[in-house]
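First up is the structure itself, then whatever we jot down about it.
The values are calculated or read from the model by the stated rules, or taken from the named source; none is laboratory data. Here the structure is a predicted model, which is why all the values come from computation and not from measurement. Here Cβ is always computed from backbone atoms with ideal geometry, including for glycine, and neighbour counts include all displayed protein chains. Just so you know, the surface numbers come from the protein's heavy atoms only, side chains and all, with ligands and any DNA or RNA stripped out. Shrake-Rupley method; radii C 1.70, N 1.55, O 1.52, S 1.80 Å.
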Amino acid sequence: MATMSLRDELQADIAEAFDDEDGLADAVAAFSCTREVVTGGYDPETGTTPQTTIGYQGRGVFGGFRSFEIDGARILATDTKLTAMQNEIWRVENGEVTNTPDAPQVDDIINGLTVMDVKQDPARVAWTCQLRRT
């Protein structure tokens with residue numbers, strides 16, 4: 001019988017809390033993302049760079065930043081904090097969810113908000129994203 005790593009156990013415990021009616025289930029929301037990806041070099045004739053849009057989806061808890069985190073410059077009072085399970089973010093290609101894990105990146109658009117910063121917790125269980133309406 002295979003044993004679970006500490007990381008796997010943490011992810012399973014958090015996923016269970018996300019699903020638990022008495023836990024975080026009422027605070028968890030699905031999200032989707034779009035990301036523009038450059039697919040070729042700059043074309044001086046058209047003045048454009050070819051791009052394609054990819055995406056991913058997952059679920060997490062949307063909330064605000066604590067008052068001591070808000071500095072008015074890098075983190076604004078109107079910014080949103082998203083805590084997302086790392087093992088529940090899956091790439092979407094051609095409208096279909098794949099088995100390819102993905103990770104948030106700066107400038108991604110999650111539920112209409114722009115990703116300003118992304119941090120990974122030390123156990124590599126969750127992403128914390130700073131989102132801003134632009």
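Comparing 118, 106, 37 in a Gaussian network model of the chain (Cα springs below 10 Å), the most mobile by mean-square fluctuation is 37.
Between 0 and 90 degrees, the angle of helix 6-19 with respect to the longest Cα principal axis of the chain falls at about 90 degrees. The mean sequence distance of close C-alpha pairs (under 8 Å, at least 6 residues apart), as a share of the length of the chain, puts its relative contact order at 21 percent.
Evaluating 6.51 cos²θ - 1.76 cosθ + 1.60 at θ = phi - 60° for every residue in the range 121-131, the Karplus couplings come out as 6, x, 7, 6, 9, 9, 9, 10, 10, 9, 10 Hz, glycine and proline recorded as x.
Measuring nothing but protein heavy atoms, the accessible surface of the chain at 1.4 Å probe radius is 51 percent carbon and sulfur.
Could you state the accessible area per residue of the chain in Å², with a 1.4 Å probe and every protein chain left in place? Let's see the in-between values first.
On the way: 8490 Å² over 134 residues.
With all protein chains present, the chain gives 63 Å² per residue.
Which net charge results when you count Lys and Arg as +1 and Asp and Glu as -1 among the other residues whose beta-carbon is under 10 Å from that of residue 64? Write out the running numbers ahead of the final one.
Working: positive: 66, 81; negative: 69, 79.
Result for the local shell: 0.
Given only helices, namely DSSP H runs of n ≥ 4 each adding -39500 (n - 2.57), what is the per-residue ellipticity at 222 nm of the chain, to the nearest 500 deg cm²/dmol?
Values: 1 runs with 14 residues, N = 134.
Helix-only estimate at 222 nm: -3500 deg cm²/dmol.
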